Amino acid sequence: KHIIQGGKMKKIIILLGTLIFFQFGFSLSCIYRGYKIEEGKVYYYKGQNKIELGKADSQTFEVIKSVNYSILAKDKKNVYYDGKLLENVNSKTFFIIEEIVPPDKGPWKYGCGSSGYIIKDKNKTYELKEVF
């Protein structure tokens, strides 16, 4: 018979509990980020903060999908990243050179980061990274 002694079993349970606790705490630190159209207006949500994008055209507003949170968007005139208008970037002529995928985190491969981007417009390159 193979019996795990009480002391060893207790250490295993404590170790597993600690790993689960830290992963759960990490997951709770993630905040929702994204765009929503409500009553003909475009809003950007970052956690509990709701920011109206006054210049955004709700009829042509389009979220550009990414790996985790979709924080890149455009309308007929403008491009937005992380709820901010990107000055001098034209929504009709810009293009994505590369999506910077956030690294996997934790034993369950769950991460909080959003995708970053390298975009180009009018011979100028922009590197977009979310700031926490």
Pairs over 19 Å Cα to Cα, from Lys55/Lys124; Lys55/Lys76; Lys46/Lys129, come to Lys55/Lys124
The FRET efficiency for Glu62 and Ile118, from their Cβ-Cβ distance with R0 = 22 Å and rounded to 0.05, is 0.65
Filtered hits (aspartates and glutamates, Cα-Cα < 15 Å from Lys92, offset >= 8 within chain) -> Asp57, Glu62, Asp75, Asp121
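Here, each number is a calculation from the coordinates, and none is a lab measurement. From a predicted model like this one, the values you see are computed outputs, not experimental measurements. FYI the Cβ positions are ideal-geometry reconstructions off the backbone, even for glycines, and counts take in every protein chain you see.
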